[in-house]
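Reading through the structure tokens given below for one structure.
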Amino acid sequence: MKNKAAVAFVVVVAALIFAGLWALFAAYPMLPAAASKEAEFVDGAFNGLFWIEGAIYALVMAFMLYCLVQFRASSRAEQGAKFDRSRSRLVEVAWIGLSTMLTLGLAALGSHELHAVIGSPEADIDVEVRGQQFSWEFYYPKLQQYGDKLYLEVGKRHRIILTSKDVVHSFWVPEFRLKQDAVPGKVIHLLLTPTKVGDYMLICSELCGFGHTDMTASVAVVDHETFEKNLKSEF
Amino acid sequence: MKFAASLVSAALLFAAATFGLGRLMDVQAAAVLAYLASLLFFLHRIGGGAALAGWARGEEPPTGHGAGRFLSFDSDHKVVGVQYTGAALVVFIVAGIMALIMRAELAHHGLQLLTQQQYNTVMTLHGMGMVVVALIAIAGGIGNFVVPLQIGARDMAFPRMNALSFWLLPPAVLLLLSTPFLGGLDFGWTAYAPLSTKGATLGKLLFLLAFITAGFSSIFSGVNFIATVLSMRARGMGWRRVPIFTWSIVSASIIQLMGTSVVAASLIMVIFDRVLHTSFYNPELGGSVLLYQHLFWYYSHPAVYIMILPAFGAILEILPVFCRKPLFAYPLAAGSFLAIVALSFIVWAHHMFTSGMWMLLKLPFMINTELISIPTGVVFLAALGTLWKARMRLDSPMLWTLAMLANFLIGGLTGIPLADAPTDLHFQDTWFVVAHFHFTVMGGAIFGFFAAFHYWFPKMSGRRLDETLAKLHLGLMFAGFNAVFIPLFWLGAHGMRRRVSDFPAWMDPVQAFASAASLVVAASVVVFFYNVWRSLKRGEPAGDNPWEARTLEWTAPSPPPHGNFRSAPAVTEHPYHLGVAA
């Protein structure tokens with residue numbers, strides 16, 4: 001039976017493609033190291049999607065390769081198989097049913113993860129972050145202090161209160177996996193919980209003018225003592 | 001030459017009027033008035049005025065003979081199709097050179113060749129230029145040539161309007177090309193307010209005028225296709241016998257008609273904010289910044305389906321012919337195009353997951369966007385089902401089709417992490433997005449265009465392309481394209497933002513690799529143009545039906561004469577009954 005050979009070919013080749021993808025991304029991880037609580041949810045969602053998609057990619061490519069190998073005309077006189085309406089109906093229904101289920105499943109999973117990423121509106125520390133062409137400004141309302149960089153205390157939940165003085169900017173720290181635009185005329189809250197002490201970069205990721213490339217700032221995630229000391233010693 | 005003289009004199013009129021009126025009023029207001037006047041002047045000079053007068057007198061639409069007609073206001077749909085194809089290829093070259101300039105700058109960290117201002121301007125023009133190419137190459141170029149033939153019509157429903165939609169494009173392109181000398185562009189092709197309402201440079205204003213002009217061209221073209229296919233199909237061509245390529249063009253045309261006016265309105269409001277100092281987008285005076293983004297993406301997301309639907313149509317047209325069997329699930333494929341059109345208008349805010357819009361809006365837009373993968377999956381079902389038990393002829397159109405499917409598979413799948421709101425928080429505005437849409441727009445729409453071009457070139461020119469060169473072109477472009485863009489996914493995930501001219505030094509090896517690969521893509525385009533030039537001169541004569549297809553365009557002579565068919569064709573069977581009757 002020819003169809004059995006086809007199934008075997010597709011399964012084996014798809015497994016090989018999938019294994020290749022797996023080896024590649026084991027050697028070169030797709031995402032940089034995570035450094036916030038929210039990043040865990042984002043990474044979980046991405047890894048789930050990535051492997052489902054890897055499987056779909058491998059199966060479709062394996063099927064196309066099988067057809068390319070098996071169904072070539074040896075002469076221009078040859079014609080393809082005739083149309084069999086009864087069997088194709090089944091394929092059509094199965095295909096649409098399966099893709100609908102998969103899509104709704106992904107949508108449900110995405111909604112769930114989105115809820116987890118957003119989390120509660122409660123925060124331990126407020127930071128006002130204001131963007132302007134082409135720099136960032138950080139203000140700690142409780143301490144009534146400006147920071148020369150964005151100091152965040154490890155393990156604490158921060159409310160980033162985002163505003164913009166001129167055009168749209170965007171707050172992004174790749175290790176935190178969170179991005180939020182700063183929009184003129186709006187005050188937008190972004191909640192995040194850094195989990196790893198270290199130095200990071202805040203980079204504007206919404207094109208904001210000719211100097212957009214340079215609109216970066218340092219982020220320091222520090223422990224409680226350093227946080228207090230740094231902000232007190234400024235100015 | 002009439003074309004060059006008209007364009008130059010209109011440009012001079014524009015410059016003089018802007019300068020003259022600028023002494024009386026704000027120079028931006030002067031430029032808007034001067035542009036409207038010089039655009040009308042250009043359309044009149046090129047022959048639009050005479051065509052209008054001829055219409056009023058009840059004469060036949062204007063058409064000419066010889067090579068000169070390709071640069072004149074000619075209403076024959078085949079001339080318009082060739083004009084669109086030529087224009088798309090010219091803009092493709094210009095915007096492609098800009099891509100190479102960007103890749104040269106990005107080969108190493110730091111700034112080598114360009115200033116930040118120049119980089120932003122080149123990046124914006126590359127984006128806008130390629131958006132125009134992707135919008136017009138198949139729908140405007142191949143669509144205008146093929147659709148009336150495919151449905152057995154003598155011409156389009158509104159031949160003069162067809163010429164008008166093409167002739168609105170050269171002024172738009174000229175405006176875009178003038179912007180680097182008038183202050184440059186800092187805002188990317190999306191021209192987000194308030195970056196686009198601030199900064200009183202003429203360049204930004206001209207960009208907006210060019211966008212609106214191209215938009216009107218697109219609206220006219222959409223109306224024309226819908227009217228043509230609704231009312232001018234051959235006897236016997238019920239909707240179940242309409243070729244799938246025509247279905248795709250009608251679907252894209254619905255979006256052109258319904259979406260483009262919205263983006264035109266949003267840009268006109270930007271011009272009002274700039275020139276009349278209104279405050280549609282100025283929050284200090286009660287305007288809304290997010291309003292612009294909603295209106296912009298209401299069109300500009302569906303616009304990607306204007307690009308990709310004709311490519312889907314073209315490859316599904318090609319597959320049965322080269323597989324020698326009927327198109328699998330043909331009614332479902334046509335239905336999936338319409339489903340994509342319907343869904344395309346309720347997904348736009350997935351571009352705005354990080355914009356600060358109401359949080360709960362993310363949910364419906366995420367779910368709607370993911371629903372589009374169902375009809376897109378049906379397109380793949382039709383393609384893969386047609387491959388099954390085929391007798392494939394691996395001529396160049398078929399190979400381009402397979403390459404397009406392989407690319408678009410990556411493009412489609414990498415769209416899911418962007419449609420998924422939680423993961424998009426990380427990927428939004430990174431090179432992951434850049435790589436994703438290049439896989440759909442270049443890997444999908446442009447590869448689809450080349451598939452269509454190789455398929456219909458014999459009909460358009462009467463000659464065949466050289467198969468060896470066509471395969472060399474494909475091989476180089478496929479390898480080069482994948483080598484440029486696959487690493488970009490990875491860089492984007494690791495912190496490479498969109499639209500920046502510099503990056504951390506550790507990215508150097510990957511960036512240099514992508515830059516080197518971009519030269520392979522450039523080489524493939526050189527091979528393509530050599531092939532076209534050589535084949536036009538001494539290609540093998542094609543005959544009426546070189547691919548043994550069954551749609552009506554192959555019953556006309558190659559190239560078809562004015563009026564297309566000797567007698568009105570009638571349709572008696574399904575277009576894809578290939579291999580069945582034989």
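Scan region B:42-54 and give yes if some residue there is within 30 Å of A:G211 (Cα to Cα) and not assigned by TED's automatic domain parsing to the domain that holds B:V173, otherwise no. Walk me through it before giving the result.
If we filter region B:42-54 for residues that are within 30 Å of A:G211 (Cα to Cα), which is where we start, we get none.
No, region B:42-54 has no match at all.
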Margin query: Being of a type outside the set (D, E, K, R) and farther than 22 Å from B:I446 by Cβ is true for just one of B:L405, B:L361. Which residue is that?
Written below: B:L361
Checklist line | Failed condition for A:A62, given (1) at the interface with chain B (Cβ under 9 Å from one of its Cβ atoms); (2) within 28 Å of the chain's Cα centre (by Cα); (3) within 24 Å of B:L399 (Cα to Cα) | finding: (1)
Item checked: Residues satisfying the stated conditions in region A:35-54, i.e. surrounded by fewer than 20 Cβ atoms within 10 Å (Cβ to Cβ) and more than 10 Å from chain B (Cβ to nearest Cβ) -> A:K37, A:E40, A:W51
Next item on the list: With the condition kept exactly as written, say whether any residue in region B:24-39 is modelled with pLDDT of 95 or more and among the acidic types (D, E).
Entry: no
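Could you list all residues from region B:316-326 that are farther than 11 Å from B:L387 by Cβ and within 13 Å of another protein chain (Cβ to nearest Cβ)? If you could, list the steps in order and put the result at the bottom.
From region B:316-326, those farther than 11 Å from B:L387 by Cβ are B:316-318, B:321, B:324, B:326; that's our starting set.
Of everything in region B:316-326, those that are farther than 11 Å from B:L387 by Cβ and within 13 Å of another protein chain (Cβ to nearest Cβ) turn out to be B:V321, B:R324, B:P326.
Condition check: part of a helix (DSSP H, G or I) and either within 14 Å of chain A (Cβ to nearest Cβ) or among the hydroxyl-bearing types (S, T, Y) (or both). Does B:S221 satisfy that?
Details: part of a helix (DSSP H, G or I): yes; either within 14 Å of chain A (Cβ to nearest Cβ) or among the hydroxyl-bearing types (S, T, Y) (or both): yes.
Yes; evaluated as a whole, the condition is true for this residue.
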Note to self: Can you go through B:K325, B:K389 and tell me which one is in contact (Cβ under 8 Å) with a residue 40 or more places away in the chain, surrounded by fewer than 23 Cβ atoms within 10 Å (Cβ to Cβ) and assigned to a loop (DSSP other than H, G, I, E, B)?
What the structure shows: B:K389
Next item on the list: Scan region A:187-196 and give yes if some residue there is among the polar types (S, T, N, Q), in contact (Cβ under 8 Å) with a residue 24 or more places away in the chain, in contact with a strand residue (DSSP E or B) (Cβ under 8 Å, 6 or more places away or on another chain) and assigned to a strand (DSSP E or B), otherwise no.
Entry: no
Next item on the list: Answer yes or no as to whether B:A210 is assigned to a loop (DSSP other than H, G, I, E, B), over 21 Å from B:V79 (Cα atoms) and either free of Cβ contacts under 8 Å to residues at least 60 places away in the same chain or of a type outside the set (D, E) (or both).
Entry: no
Next item on the list: Kindly list the number of the only condition in (1) within 14 Å of chain A (Cβ to nearest Cβ); (2) in contact (Cβ under 8 Å) with a residue 12 or more places away in the chain; (3) within 25 Å of the chain's Cα centre (by Cα) that fails for B:N531.
Entry: (1)
Checklist line | Residue satisfying all of: in region B:391-424; over 16 Å from B:A452 (Cα atoms), among the aliphatic types (A, V, I, L, M) and within 9 Å of chain A (Cβ to nearest Cβ); farthest from the chain's Cα centre (by Cα) among these | finding: B:M392
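Can you tell me which residue is farthest from A:S170 (Cα to Cα) among those in region A:199-226 that are of a type in the set (S, T, N, Q), surrounded by fewer than 19 Cβ atoms within 10 Å (Cβ to Cβ) and within 14 Å of chain B (Cβ to nearest Cβ)? Spell out how you get there, then give the answer.
Restricting attention to region A:199-226, the residues satisfying the condition of being of a type in the set (S, T, N, Q) are A:205, A:213, A:216, A:218, A:226.
Next, from what is left, pick out any that are surrounded by fewer than 19 Cβ atoms within 10 Å (Cβ to Cβ): A:216, A:218, A:226.
If we keep only those that are within 14 Å of chain B (Cβ to nearest Cβ) too, we end up with A:216, A:218.
Details: A:T216: 11, A:S218: 15 Å.
Ranking the candidates gives A:S218 first.
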Item checked: Verdict on B:F216 being surrounded by fewer than 19 Cβ atoms within 10 Å (Cβ to Cβ), within 18 Å of the chain's Cα centre (by Cα) and not in a loop (DSSP other than H, G, I, E, B) -> yes
Checklist line | Pick from region B:356-369, criterion surrounded by 20 or more Cβ atoms within 10 Å (Cβ to Cβ) and touching a His at 6+ places or on another chain (Cβ under 9 Å), ranking: farthest from the other protein chains (Cβ to nearest Cβ) | finding: B:F365
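Give the residues of region B:173-188 that are part of a loop (DSSP other than H, G, I, E, B) and either surrounded by 19 or more Cβ atoms within 10 Å (Cβ to Cβ) or in contact with a Cys (Cβ under 8 Å, 6 or more places away or on another chain) (or both), sorted by residue number. Break it down into steps so the answer makes sense when it comes.
We begin by selecting, within region B:173-188, every residue part of a loop (DSSP other than H, G, I, E, B); these are B:182-188.
Listed by number, the residues that qualify are B:G184, B:L185, B:D186, B:F187, B:G188.
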Item checked: Every residue from region B:35-60 that is touching a Gly at 6+ places or on another chain (Cβ under 8 Å) and surrounded by 19 or more Cβ atoms within 10 Å (Cβ to Cβ) -> B:L43
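Residues to consider are B:L276, B:L267, B:L285, B:L257; find the one that is within 28 Å of the chain's Cα centre (by Cα) and either surrounded by fewer than 20 Cβ atoms within 10 Å (Cβ to Cβ) or within 14 Å of chain A (Cβ to nearest Cβ) (or both). Before you say what the answer is, go through the steps one by one.
Working: B:L276 fails: within 28 Å of the chain's Cα centre (by Cα); B:L267 fails: either surrounded by fewer than 20 Cβ atoms within 10 Å (Cβ to Cβ) or within 14 Å of chain A (Cβ to nearest Cβ) (or both); B:L285 fails: within 28 Å of the chain's Cα centre (by Cα).
It is B:L257.
The values are calculated or read from the model by the stated rules, or taken from the named source; none is laboratory data. All figures in this text were calculated on a predicted structure; none of them were measured in a lab. Cβ coordinates were reconstructed from backbone atoms using ideal geometry, including for glycine residues, and neighbour counts include every protein chain displayed.
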